[in-house]
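A.B. asks: Please see the structure below; I have some questions.
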Amino acid sequence: DLGAAKKEAGPFVPKYEDYEKVYNAVAKALEEHDEYEDGSYGPVLLRLAWHASGTYDAETGTGGSNGATMRFAPEGDHGANAGLKTARDFLEPIKAQFPWITYSDLWILAGVAAIQEMQGPIIPYRPGRSDRDMSFCTPDGRLPDASKEQKHLRAIFGRMGFNDQEIVALSGAHALGRCHTDRSGYDGPWTFSPTVLTNDYFRLLLDEKWQWRKWNGPKQYEDVSTKTLMMLPTDMVLTKDKGFRPWVEKYAKDNDAFFKDFSAVVLRLFELGVPFTVAEDQRWTFKPRVSST
Ligand code: ZEM
């Protein structure tokens, strides 16, 4: 009697192999949908995972990737989240294929896949996030404002529990993707290879000459030699502040050090505020679909 057998098997409890299938589905979709700008949804998927996590407030324990509350109007409509519907919609067919995974675990797993498939370091992962209703939406203003300076960066990232070194390592994500005038108002990519993770962001910050761009948009920098790259005011602050600059110099010189520190800090970011039942030494790693060599 199949019905009885099924009953005895109990509720479906997903295992490593099940999450691996989801990882592989995200990686495959990234590869297949190369029609998107610069050839990859990777950057915008990483931004979704970051904005889901970066609302964390250590003092109250609110926000963070547990909940996926950006699905709802108050938080989804925050100015900082403009354009992230693109990433959420990209993941809908995968959610439909694997309905057992929560949105909040899926968004973070997609962030892991985006980093790894863009040839970045391995990011260990554990599931355990549950979806919560709109009453858990965080207030506006928890994510960084690109027009501001070091005091703001330290206040925002300090609230999540990050120090100067971690702020700089995290900022290396701006090797990837670009700014959009119809999302943030800013315009252009930071590097010449916006779909491959490297330490180029740090190298360009130090090696290029930067000047204010003359245009009608928000204040941003352009590189003097090609005028095709950009830096936000908050990016440039990393080269000017005494606490930040040594880390920019270190990561510009040493891609391995950047990858090691980036992996460690992204892992922490992605786990902020999550009540895991899986222990820290039980995290999983997934094999990239692309090879980095
Ligand atoms: Zn970003 N980021 N970010 N960031 N970010 C943008 C794009 C991307 C800041 C910021 O204001 C902006 C981190 C930190 C900080 C990514 C990842 C991470 C954009 C452009 C802005 C304005 C949005 C647009 O117009 O589409 C500020 C002020 C930060 C403080 C340090 C951290 C941390 C990140 C991940 C770990 C990524 C991947 C993008 C590119 C998105 C895309 O669509 O191409």
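Taken together, the values in this text are just the output of simple stated rules run on the coordinates, not laboratory data. Small disclaimer: the values here were computed from a predicted structure and weren't measured. Backbone-built Cβ (ideal geometry, glycine too); neighbour counts: all protein chains shown.
A.B. asks: What is the range 71-132's relative contact order, in percent, from Cα pairs under 8 angstrom and six or more apart in sequence? Show your work: numbers first, answer last.
C.D. replies: Working: 29 pairs, mean separation 16.4, N = 62.
Rounded, it is 26 percent for the range 71-132.
A.B. asks: Then there is this: Checking the a/c ratio against 1.5 first, then a/b against b/c, what shape does the Cα gyration tensor give for the range 119-164? Before the final figure, lay out each step's value.
C.D. replies: Values: a/c = 2.39, a/b = 1.19, b/c = 2.01.
Here the range 119-164 falls in the oblate category.
A.B. asks: Taking the Cα centre of the range 209-250 as origin, sum charge times position over the Cβ atoms of Lys and Arg (+1) and Asp and Glu (-1), and report the length of that vector in debye to the nearest 20.
C.D. replies: Numbers: 9 positive and 5 negative charges, 25 e Å.
The calculated dipole for the range 209-250 is roughly 120 debye.
A.B. asks: Quick check for me: using +1 on Lys/Arg Cβ and -1 on Asp/Glu Cβ, what's the dipole size of the chain about its Cα centre, in debye to the nearest 20? Please list the in-between numbers first.
C.D. replies: Working: 36 positive and 42 negative charges, 101 e Å.
Result for the chain is approximately 480 debye, rounded to the nearest 20.
A.B. asks: Kindly rank 213-219, 189-195, 128-134, 107-113 from highest to lowest mean number of other beta carbons found within 10 Å of each residue.
C.D. replies: 107-113, 189-195, 128-134, 213-219
A.B. asks: Bin all alpha-carbon pair distances of the range 1-144 at 5 Å intervals from 0 and give each bin's fraction as a whole percent.
C.D. replies: 2, 9, 19, 21, 18, 14, 9, 4, 3, 2, 0, 0
A.B. asks: Once a ≥ b ≥ c are taken as the square roots of the eigenvalues of the Cα gyration tensor of the range 57-204, is the result rounded (a/c under 1.5), prolate (a/b larger than b/c) or oblate (a/b not larger than b/c)?
C.D. replies: Values: a/c = 1.45, a/b = 1.18, b/c = 1.22.
Note, shape of the range 57-204 comes out rounded.
A.B. asks: What does the charge count around V265 come to, taking other residues whose C-beta lies under 13 Å from its C-beta (Lys +1, Arg +1, Asp -1, Glu -1)? Working shown, then result.
C.D. replies: On the way: positive: K260, R268; negative: D164, E166, D261, E271.
Taking every other residue near V265 into account, the sum is -2.
A.B. asks: Straight-line reach from K253: which aspartates and glutamates have a Cα under 14 Å away, not including same-chain ones fewer than 8 places off?
C.D. replies: D200, D207, D261
A.B. asks: How big is the equivalent ellipsoid of the range 134-293 along its three axes, where each semi-axis is √(5λ) from the Cα gyration tensor, reported in whole Å from largest to smallest? Don't skip to the answer; put the middle values down first.
C.D. replies: Numbers: eigenvalues 147, 84, 53 Å².
After scaling each eigenvalue by five and taking roots: 27, 21, 16 Å.
A.B. asks: Next question. Per residue of the chain, what 222 nm ellipticity follows from adding -39500 (n - 2.57) for every DSSP H run with n ≥ 4, rounded to the nearest 500? Write out the running numbers ahead of the final one.
C.D. replies: Working: 12 runs with 130 residues, N = 293.
When only DSSP H runs of four or more count, the value is -13500 deg cm²/dmol.
A.B. asks: Can you tell me the relative contact order of the chain? Whole percent, Cα pairs under 8 Å, sequence separation 6 or more.
C.D. replies: Values: 455 pairs, mean separation 69.4, N = 293.
Once normalised by length, the contact order is 24 percent.
A.B. asks: Pull out the extension gain between K148 and K227, defined as 0.36 nm times the separation in residues minus the alpha carbon to alpha carbon distance; nm, one decimal.
C.D. replies: Values: separation 79, 0.36 × 79 = 28.44 nm, distance 2.25 nm.
Between K148 and K227, full extension yields an extra 26.2 nm.
A.B. asks: Can you grab the distance from the C-alpha centre of the range 233-283 to the C-alpha centre of the range 28-74, Å, no decimals?
C.D. replies: Answer, in whole Å: 17.
A.B. asks: Taking every pair of Cα atoms in the chain, average 1/r, invert it to obtain the Kirkwood radius, and report Rg/Rh to two decimals. Present the calculation step by step, with values, prior to reporting the outcome.
C.D. replies: Numbers: Rg = 19.3 Å, Rh = 19.7 Å.
Ratio of gyration radius to Kirkwood radius: 0.98.
A.B. asks: Sticking with this structure for a sec: Name the residue farthest towards the positive end of the dipole of the range 6-133 from the options T102, V44, L91, assuming +1 on Cβ of Lys and Arg, -1 on Cβ of Asp and Glu, about the Cα centre.
C.D. replies: Most positive-ward Cα: T102.
A.B. asks: Between D223, D140, D261, which gets the highest mean-square fluctuation from a Gaussian network model of the chain, Cα cutoff 10 Å?
C.D. replies: Of D223, D140, D261, the Gaussian network model singles out D140 as fluctuating most.
A.B. asks: Return a single number: how many Lys pairs in the range 112-249, at a sequence separation of 8 or more or on separate chains, have alpha-carbon atoms below 22 angstrom apart.
C.D. replies: 17
A.B. asks: A follow-up question, please. Is the C-alpha gyration tensor of the range 29-104 telling us rounded, prolate or oblate? Criteria: a/c under 1.5 is rounded; beyond that, a/b larger than b/c is prolate, otherwise oblate. Mind dumping the intermediate values first?
C.D. replies: Values: a/c = 2.15, a/b = 1.55, b/c = 1.39.
The shape class here is prolate.
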